[in-house]
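See below for the structure under consideration.
What follows is calculated from the coordinates using simple rules that are stated; it is not laboratory data. These numbers were taken from a predicted model, which means no experiment stands behind them. Methodologically, a virtual Cβ is constructed for each residue, glycine included, from the backbone with ideal geometry; neighbour enumeration extends over all protein chains shown.
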Amino acid sequence: MKKTLTLFAFAALGLATANAQSLQQSYRDYWRTGISVNQWEVKAEKAQKDGVSYSGAHKLDQTSDYALIAQHFGWVVPENCMKSEVIHPQEGVYDFTLADQLVEKARANGQHIVGHCLIWHEQCSPWFFVDENGKQVSAEVLKERMRDHIFTILGHFRGKIEAWDVVNEAFNDDGSLRRSKFYEILGEDFIPLAFQYAREADPTIELYYNDYSMYKPEKVKAVVNFFRPLMAKGLRVDAIGMQGHLILDDADYVNLYEKSIKEIATLGIPAQFTELDLSVLPNPYKMSGANITNNFEYSEASDPYKNGLPANVQKKVDQFWIDFYKMLMRNHENVLRLTFWCFNDANSWRNDWPIKGRTEYATLFDRNSKPKPTIQKLIDLVKKGKK
């Protein structure tokens with residue numbers, strides 16, 4: 001499958017600090033390598049802004065981490081600052097402060113940006129669905145609000161952001177469409193409408209659908225079957241995003257995701273991993289995916305590694321990533337991008353989901369932003385493959 005999609009040429013590209021010992025440079029012939037970035041890694045900000053809480057604030061100034069971020073990751077995704085509740089908190093009111101800071105920082109470091117996300121039922125400003133009297137709006141009003149939201153945001157970032165997650169998490173794990181407010185008011189039409197508006201607003205960018213639990217056959221088949229007839233009629237979708245919030249020993253992810261990649265390839269477009277992390281903590285509630293409304297009470301038994309991760313567990317983590325990368329290398333023609341979610345263990349959202357206050361080890365960098373040996377193992381893996 002041809003993965004070469006049109007991108008903007010950045011004059012700042014030469015400023016990138018990528019080198020032969022970086023993930024992005026090592027795998028440049030296979031896929032794009034990305035990371036999510038929060039506002040504190042861009043510029044020190046208070047923990048709350050206009051009543052909106054953000055995850056990942058273990059320290060408010062993390063800007064010293066950015067050199068490593070730029071070294072290993074050529075693509076960045078905003079963790080929170082482009083979501084509706086932040087960027088469009090009130091009708092007719094847009095706040096691009098944090099988003100502009102992120103975009104400027106990324107471009108100055110020669111990185112590309114995926115906007116995240118335009119239409120999502122979670123972290124969506126409550127006003128979006130009601131009128132001045134608190135009553136649910138009509139389908140026509142919601143369509144106009146969606147169009148204004150998408151046109152304004154894409155217009156603001158035109159020429160600066162090359163790709164967007166247009167619709168996020170519209171399906172349940174069983175493959176049914178989620179009964180969100182968007183669905184309740186517009187039915188399934190809200191999905192193609194969002195892509196239509198985005199294409200009209202900026203025909204030059206790549207547009208993605210994104211969801212979690214895409215290792216589950218019933219879900220990935222439902223997503224593919226939903227988009228197939230729409231794409232046959234001319235709807236432009238450039239890739240399907242699979243989040244990849246994984247749990248050690250939870251499932252045969254390597255085999256299941258390989259099947260998902262091949263299933264998505266039948267659409268004639270690539271898959272991409274958009275929010276990769278790997279939880280090592282107990283999962284007594286059998287939670288998977290990333291439904292942020294699921295939360296459970298803390299217990300000592302649920303937090304066994306407060307004083308550090310045992311060597312035998314780290315060995316299993318390393319082997320998982322090696323096996324996962326081997327599978328991806330076999331299927332790289334159908335993989336557009338690998339993006340990891342959260343830069344280091346300290347600011348990973350997995351510390352607080354689905355149980356708040358645990359000590360997690362879900363990323364490729366430790367709590368002091370030091371690269372874990374896992375990274376070098378993955379770099380060595382691709383070096384061996386090229387000999």
Count the net charge of all other residues whose Cβ sits under 10 Å from the Cβ of N283, scoring Lys and Arg as +1 and Asp and Glu as -1.
-> -1
Place a label point 7 angstrom from the Cα of V313 along the Cα-to-Cβ direction, then list the residues of the stretch 352-373 whose backbone nitrogen is under 16 Å away.
-> 352-367
Counting sequence-distant residues (5 or more places) and residues on other chains, those with an amide H built under 5 Å from that of I355 are F296
Mean Cα-pair separation over length for the stretch 11-386, i.e. relative contact order, pairs under 8 Å, 6 or more apart, % = 17 percent
Assign one of three labels to the stretch 117-177, namely rounded, prolate or oblate, based on the Cα gyration tensor with a ≥ b ≥ c the square roots of its eigenvalues; rounded applies when a/c is under 1.5, prolate when it is not and a/b is larger than b/c, and oblate otherwise.
-> oblate
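What does the net charge come to around R199 if you take all other residues with beta carbon closer than 15 Å to its beta carbon, with K and R at +1 and D and E at -1? Mind dumping the intermediate values first?
Working: positive: R147, R158, K233, R236; negative: E162, D165, E200, D202, E206, D238.
Once all neighbours under 15 Å are counted, the net charge is -2.
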Ordering 209-220, 111-122, 22-33, 92-103 by per-residue average of other C-beta atoms within 10 angstrom, highest first, gives 111-122, 209-220, 22-33, 92-103
Mind checking the alpha-carbon convex hull of the stretch 124-236 and giving the volume per residue in Å³?
-> 109 Å³
Count the DSSP beta bridges whose two residues both fall in the chain, then state the antiparallel fraction as a percent rounded to the nearest 5.
-> 15 percent
Going by a ≥ b ≥ c, the root eigenvalues of the Cα gyration tensor, does the chain fall in the rounded group (a/c under 1.5), the prolate group (a/b larger than b/c) or the oblate group?
-> rounded
All lysines inside 16 Å of K43 as judged from Cα atoms, apart from same-chain residues fewer than 8 positions distant | K59, K105
In a GNM of the chain with a 10 Å cut-off on Cα contacts, which of R178, R147, R330 has the highest mean-square fluctuation?
-> R330
With a 10 Å radius around each residue's Cβ, average the other Cβ atoms per peptide and rank 153-159, 231-237, highest first.
-> 153-159, 231-237
Post the alpha-carbon centroid distance, the stretch 199-225 to the stretch 111-164, in whole angstrom.
-> 17 Å
Excluding F365 itself, what net charge comes from residues whose Cβ is under 10 Å from its Cβ, given Lys and Arg +1 and Asp and Glu -1?
-> 0
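Can you pick out the pairs among K326/K356; K83/K286; K286/K326; K221/K259 whose Cα atoms lie more than 22 Å from each other? Please list the in-between numbers first.
On the way: K326/K356 33 Å; K83/K286 28 Å; K286/K326 27 Å; K221/K259 10 Å.
Over 22 Å apart, Cα to Cα: K326/K356; K83/K286; K286/K326.
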Under 5 Å from the placed amide H of F365, counting only residues 5+ away or on other chains, we find D345, K372
The size of the Cβ-based charge dipole (Lys, Arg +1; Asp, Glu -1) of the chain about the Cα centre, to the nearest 20 debye, is 1420 debye
What shape does the stretch 237-387 have by the C-alpha gyration tensor, where a ≥ b ≥ c are the square roots of the eigenvalues, rounded means a/c under 1.5, and otherwise prolate means a/b greater than b/c and oblate the rest?
-> oblate
Amide H within-cut-off set for S279, under 5 Å, with H built and near neighbours excluded | L246, I247, L248
May I ask for the distance between the Cα centers of the stretch 259-335 and the stretch 365-387, given as a whole number of Å?
-> 17 Å
